[in-house]
1. Could you work out how far apart the two model spin labels at residue 126 and residue 23 are, taking each label as a point 7 Å from the Cα in the direction of the beta carbon, and quote it in nm?
2. Where q = 0.22, 0.23, 0.31 Å⁻¹, what log10 of I(q)/I(0) comes from the Debye formula for region 1-55, counting one point per Cα?
3. Just the accessible area per residue of region 1-43, please: how many Å² with a 1.4 Å probe?
4. Using all alpha carbons of region 12-135, what is the percent of pairwise distances in each 10 Å bin, ordered from the shortest bin to the longest?
5. Over all Cα pairs of region 74-117, how is the pair count split among 5 Å bins, expressed in % and running from 0 up to the last occupied bin?
6. Leaving out ligands, DNA and RNA, and with a 1.4 Å probe, what % of the accessible surface on the chain is carbon or sulfur?
7. Could you work out how much longer the chain between residue 119 and residue 76 gets when fully extended? Use 0.36 nm per residue separation minus the Cα distance between them, nm to one decimal.
8. So for each of 66-77, 49-60 I average, over its residues, the number of other beta carbons within 10 Å; can you give me the resulting order with the highest mean first?
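The values are calculated or read from the model by the stated rules, or taken from the named source; none is laboratory data. Note that the structure is a prediction, hence the values are computed from the model and not measured. Ideal geometry is used to build each Cβ from the backbone, glycine not excepted, and the neighbour counts take in all protein chains shown. Surface accessibility is based on the protein's heavy atoms, side chains included, excluding ligands, DNA and RNA. Shrake-Rupley method; radii C 1.70, N 1.55, O 1.52, S 1.80 Å.
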Amino acid sequence: MIAAATDAKVGLDVELVSRTMEIDEMVHILASEGERRGLAAYRGESRRTALFRIWARKEATVKLTGHGLLQVPFPELSVDGPVARIDDPPADWPDEAIHLNDLSLGHGSVAALATTVPRPEIDIVTLPRVADLSL
């Protein structure tokens, strides 16, 4: 996927929900306290999907800011609302709010777009296959 904007910073992430991993372990590594409380309401596949949506939102946020995982511990970054929140942001964190948008892709994937403008116009365009690389 590609995200582009002329009037905002953007970050984008896509996660495949069917990836094999221990969900409860990932909740403790990835989720903030509030996100853990929210995830407790989900069971089974809906819990897995909700966790991957949080993961996509966090990845999109740090892609927008240009920070890596070592600079922004994911449990300190909260993305369970319309904007990302962090109590002690690292140097060079944007002054403007980071707005979060969930994207519907289907096909067992979740995606998130982080932007520095609220409610951006989002167009999802499916491109034709450019090349068959399965030689």
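1. Calculated label separation equals 2.7 nm.
2. For region 1-55, the Cα-only Debye profile gives -0.83, -0.87, -1.32.
3. Values: 2840 Å² over 43 residues.
Ligands and nucleic acids excluded, the figure is 66 Å² per residue.
4. Once binned at 10 Å, the Cα pair distances of region 12-135 give 12, 41, 32, 13, 2.
5. Percent of pairs per bin, in order: 5, 20, 25, 24, 14, 7, 4, 1.
6. Numbers: 4460 of 8490 Å².
The C+S portion of the solvent-accessible surface of the chain is 53 percent.
7. Numbers: separation 43, 0.36 × 43 = 15.48 nm, distance 2.45 nm.
Stretched fully, the residue 119-residue 76 segment lengthens by 13.0 nm.
8. On the way: 66-77: 14.7, 49-60: 23.4.
For the peptides 66-77, 49-60, the packing ranking is 49-60, 66-77.
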